[in-house]
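**Student:** First, the structure itself, so that you have it in front of you.
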Amino acid sequence: MQELLVISGKGGTGKTSIVAALAALAEDKVLADCDVDAADLHLLLRPEVESVNEFYGSDKAVIDPGLCTGCGRCREVCRFGAVMEAKPEKENSEDDSGKLVFQVDSLECEGCGVCTLVCPAGAIAMQPNLAGYWYISATPYGPLVHAQLGLAEENSGKLVTKVRQEARRLAEENNARLIITDGPPGIGCPVISSLTGVTLALAVTEPTVAGRHDLERVVKLAGHFRVPVAVCINKYDLAPEKSREIEAYCYDAGLTIAGKIPFDADVARALVNGVPLMACSRGVAASAVQAMWDSLMVRLERMAKEQNGHS
Amino acid sequence: MASGKGGTGKTTIVTNLARALALAGKIPVQVLDCDVEEPNAHLFLKPVFHEEEEVTLPVPEVDNNRCTGCGRCSEVCAFHALAVAGGKVITFPEMCHGCGGCTIACPAGAISEKPHRIGVVARGQAGRIDFAHGKIDVGVPLAPPVIRVVKKLAFKERLTLIDAPPGTSCPVVAAVKDSDFCLLVTEPTPFGLNDLRLAVGMVRELGVPFAVVINRSTLGDLRVERYCQREGIPILLKIPFDKGYAATYARGDCLVEEYPEWVTPFIGLWQEIERLVSQRARAAGN
């Protein structure tokens, strides 16, 4: 089984539109949306959710105000500034006249548990934190594993790992040959979790200074984890000169350009109608995506052969 | 400046607002690019950097002469940054969050901490604009510690514009938290709307007042505007899609310089934000 991950470094270059278009072209595949912060693939694939599953992130420290003696040891050791003085519940409460207690800001708590190690009163416990949900859905284009991280939560990398595990399990169950994954923007924790061990990363860029700058960083990241990269220049004709610069960079870096997709109002139209491009257009962008998929298939088949040859 | 969805134009708004205010000579402006995974604001403001500082996390260093191999350190580590194999401790600095738990827990006092580089913060000057950005090293997963270092550079006495990373999770929270106001930049597509809803949830949770800017406002439909109306969210600026604007952005130039007619709308945007912030301050005072 192979995994094709679509990433970009820079956000908004067209990852999700391209994944949806490829979803309509590829056969025998499972789809995964690893942009767990701001998942959008479901808006184009119209999934029927088959299972909803809870995702627990790292535990969060909770201080029992009844046991807290207000010594402040927890605040001294917390390196994330997550321990603060609790607001007194009632101004004129009788039992604790002005007693100082502490509480944890769950937004800042990283779940390290150091406070529980030092609390002399045993007042701090680590509690499980429901940080989001992941779903298995049926779509007209095959099964989709997707997720939604809770607002302002951390551990997106851990949720990405869960989505990938489930996608792999589904692919094995269904004898699917390929997993196509919509990746998150950036090069941080969720991208690293999306990237490790995939067969091929398709880096979608745009012909702008920012697109190029971010492409270079994401290509370096893929190199760091020894993942081969193919490049897609989206909306390449909006700034032909910048596209040529990117092509020159790819040539120097030994990267294959899998496709160059022209600007086409059909892409925005497909988006507004909530369908994959291929389902509603035979325009210039759709043909370019088709050509890109053909070249990606050749590359994936070649890689599969090489892999079998080695094993 | 934040957005759920990437690529909606956060950097465009930050850089043009900064340039417009600088051009109008109104107030001293500072720009902090907190998208430390993929910082881009410098490509448009072209600052001259004069200072660079490494950002490090304190990671464990084990003194093998003292270590008894008891494994307490790996037991308490919530991030799997230490493991014991064959009576020896192996550390994985790239997993470490620098919490210091192992140092406290080690009964033999065998663990000390050494700085481990995760990125850099650079400061510079772009004309009259004070500039700083952070950059995590490629392969480093942890953006928030670098973001916090960038934010510490904020001057109290002047206007600071912060370019946040996309999304709604911990790096965004690190960038948006404690701001006086948050502009959410979106586009009028179903993706823009879906991610705007998430971003609105996030800023509401943080208690930061906010408004919306719609970029490429002519490429899509009216659902974002209707949503804002329903929710009572002010839309402070709309920038239509224009191939000329796109080309200006592609080259790394600023809209307000190429199209001076945009200076006034950006100044207007700033005045509107000022008005909303002071209104809120008055309301809080009452």
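What follows draws every value from the coordinates through simple rules; no lab data is involved. The structure displayed is predicted, hence computed values, not measured ones. Counting neighbours? That spans all protein chains shown, and the Cβs are built from the backbone with ideal geometry, glycine included.
**Student:** Note down the magnitude of the dipole of chain B about its Cα centre, charges +1 on Lys and Arg C-beta and -1 on Asp and Glu C-beta and zero elsewhere, to the nearest 20 debye.
**Tutor:** Taking the Cα centre of chain B as origin, the dipole is about 540 debye.
**Student:** Sorting check: for A:29-41, B:176-188, which peptide has the highest mean count of neighbouring beta carbons within 10 Å, and how do the rest follow?
**Tutor:** Averaged packing, sorted descending, gives the order A:29-41, B:176-188.
**Student:** Under a Cβ-only charge scheme (Lys and Arg +1, Asp and Glu -1), can you give me the dipole magnitude of the range B:56-117 about the Cα centre, in debye to the nearest 20?
**Tutor:** Result for the range B:56-117 is approximately 60 debye, rounded to the nearest 20.
**Student:** Using 5 Å bins from zero, what percent of all Cα-Cα pairs in the range B:1-160 falls into each bin?
**Tutor:** Calculated P(r), rounded to whole percents: 2, 9, 16, 16, 13, 10, 9, 8, 7, 6, 4, 2, 1, 0.
**Student:** Find the all-direction average of the projected area of the Cα convex hull for chain B, expressing the result in square nanometres with one decimal place.
**Tutor:** Computing the convex hull of the Cα atoms and averaging its projections yields 18.1 nm².
**Student:** Specify which residue in the list A:GLY254, A:LEU41, A:VAL229 is farthest towards the positive end of the charge dipole of chain A, using unit charges on the beta carbon of Lys, Arg (+1) and Asp, Glu (-1), about the Cα centre.
**Tutor:** A:GLY254
**Student:** Let me ask another. Would you be so kind as to identify all helices of chain B, as entire DSSP H runs, whose Cα atoms reach 18 Å or more along the helix's own axis and whose mean Kyte-Doolittle hydropathy is at least 0.0?
**Tutor:** Those that pass (Cα extent of 18 Å or more, hydropathy at least 0.0) are B:10-23, B:190-206, B:263-285.
**Student:** If you add up the charges near A:PRO190, with Lys and Arg at +1 and Asp and Glu at -1, over every other residue whose beta carbon is less than 14 angstrom from its beta carbon, what do you get?
**Tutor:** After counting each charged neighbour, the total is -4.
**Student:** Distance from the Cα centre of the range A:161-208 to that of the range B:1-62, in angstrom?
**Tutor:** Cα centroid of the range A:161-208 versus Cα centroid of the range B:1-62: 29 Å apart.
**Student:** Is the shape of the protein assembly as shown rounded, prolate or oblate, going by the alpha carbon gyration tensor and its root eigenvalues a ≥ b ≥ c, with a/c under 1.5 for rounded and a/b larger than b/c for prolate?
**Tutor:** Taking the square roots of the gyration eigenvalues as a ≥ b ≥ c, the protein assembly as shown is oblate.
**Student:** Shifting gears a bit: Show the residues, 5+ positions off or on another chain, whose built amide H is closer than 5 Å to the amide H of A:ALA230.
**Tutor:** Correct list: A:ALA201, A:LEU202, A:ALA203.
**Student:** A follow-up question, please. For chain A, report the translational diffusion coefficient in µm²/s to the nearest whole number, using Stokes-Einstein at 4 °C, 1.567 mPa s, and a Kirkwood Rh over Cα pairs.
**Tutor:** In µm²/s, the coefficient is 60.
**Student:** How would you rank B:GLU261, B:GLU272, going from fewest to most other Cβ atoms within 10 Å of each one's own Cβ?
**Tutor:** Ordered by Cβ neighbours within 10 Å, fewest first: B:GLU261, B:GLU272.
**Student:** Next question. For B:ARG223 and B:ALA24, compute 0.36 nm times the residue count separating them, minus their Cα-Cα distance, and round to one decimal in nm.
**Tutor:** 68.2 nm
**Student:** While we're looking at this one, here's another question. What's the local net charge at B:LEU142, with K and R +1, D and E -1, over the other residues with C-beta under 11 Å away?
**Tutor:** Every neighbour counted, the sum reads -4.
**Student:** Run lengths n ≥ 4 of DSSP H only: what is the helix-derived mean residue ellipticity at 222 nm for the protein assembly as shown, with -39500 (n - 2.57) per run over all residues, to the nearest 500?
**Tutor:** -11000 deg cm²/dmol
**Student:** While we're on this one: Hey, what's the per residue convex hull volume over the C-alpha atoms of the range B:56-117, in cubic angstrom?
**Tutor:** Considering the Cα atoms of the range B:56-117, their hull volume per residue is 66 Å³.
**Student:** In whole percent, what relative contact order does chain B give with Cα contacts below 8 Å and a gap of six or more residues?
**Tutor:** 24 percent
**Student:** Let me ask something additional. Out of residues 5 or more away from B:LEU159 or on other chains, whose amide H comes under 5 Å of its own, with H placed 1.01 Å from N in the peptide plane?
**Tutor:** Result for B:LEU159 returns B:GLN30.
**Student:** Can you pull the mean other chain C-beta count within 10 Å for peptide A:104-114?
**Tutor:** 4
**Student:** Shielding by partners for B:129-140, please: the mean number of other protein chain Cβ atoms within 10 Å of each residue's Cβ.
**Tutor:** Average per residue, whole number: 3.
**Student:** Please average, across the residues of A:4-12, the number of beta carbons from any other chain that are within 10 Å of each residue's own beta carbon, and give a whole number.
**Tutor:** 5
**Student:** So for A:TRP134, B:TRP262, fewest C-beta neighbours within 10 Å to most, what's the order?
**Tutor:** B:TRP262, A:TRP134
**Student:** Another one. Pull the list of chain A cysteines that no other Cys approaches to under 4.7 Å, Cβ to Cβ.
**Tutor:** A:CYS34, A:CYS68, A:CYS71, A:CYS78, A:CYS109, A:CYS119, A:CYS189, A:CYS232, A:CYS250, A:CYS280
**Student:** Another question, if that's okay. Which order do peptides B:225-232, B:90-97 fall in by mean Cβ count within 10 Å, highest first?
**Tutor:** The peptides rank, most packed first, as B:90-97, B:225-232.
**Student:** For the range A:59-68, just list the computed ³J(HN,Hα) in residue order, Karplus coefficients 6.51, -1.76 and 1.60, θ = phi - 60°, integers in Hz, with x standing in for Gly and Pro.
**Tutor:** Calculated HN-Hα couplings, in order: 4, 10, 6, 10, 9, 7, x, x, 8, 5 Hz.
**Student:** I've got another one for you. So which cysteines of chain B have no other cysteine's Cβ under 4.7 Å from theirs?
**Tutor:** Those would be B:CYS34, B:CYS67, B:CYS70, B:CYS77, B:CYS96, B:CYS106, B:CYS170, B:CYS182, B:CYS228, B:CYS254, since no other cysteine Cβ in chain B comes under 4.7 Å of theirs.
**Student:** Now, a different point. Using +1 at the Cβ of each Lys and Arg and -1 at the Cβ of each Asp and Glu in the protein assembly as shown, identify which of B:GLY101, B:TYR259, A:LEU130 lies farthest towards the dipole's positive end.
**Tutor:** The residue sitting most towards the positive pole is B:TYR259.
**Student:** Just how large is the dipole of the range B:1-122 about the Cα centre, in debye to the nearest 20, putting +1 at every Lys and Arg Cβ and -1 at every Asp and Glu Cβ?
**Tutor:** The calculated dipole for the range B:1-122 is roughly 260 debye.
**Student:** Run the quick spin-label model on A:GLN307 and B:ASP180: label points 7 Å from Cα toward the beta carbon, then report their separation in nm to one decimal.
**Tutor:** 5.5 nm
**Student:** log₁₀ I(q)/I(0) of the range A:112-216 at q = 0.23 Å⁻¹, via Debye over equal Cα point scatterers, no solvent, to two decimals?
**Tutor:** Summing over Cα pairs of the range A:112-216 leads to -1.28.
**Student:** What number comes out for the charge environment of B:ALA110, summing +1 per Lys or Arg and -1 per Asp or Glu over other residues with Cβ under 15 Å away?
**Tutor:** Result for the local shell: 0.
**Student:** Sticking with this structure for a sec: If you wrap the range A:1-144's Cα atoms in a convex hull and average its projection over all directions, what's the area in nm²?
**Tutor:** Directional mean of the projected Cα hull area for the range A:1-144 stands at 13.0 nm².
**Student:** Which one, A:ILE179, A:GLY157, A:GLY113, is farthest towards the positive end of the dipole of the range A:98-183 when Lys and Arg carry +1 and Asp and Glu -1 on their Cβ?
**Tutor:** A:ILE179
**Student:** Next up: If we count other beta carbons within 10 Å of each Cβ, what is the order of B:GLU37, B:GLU157, fewest first?
**Tutor:** Final ranking by Cβ density, sparse to dense: B:GLU157, B:GLU37.
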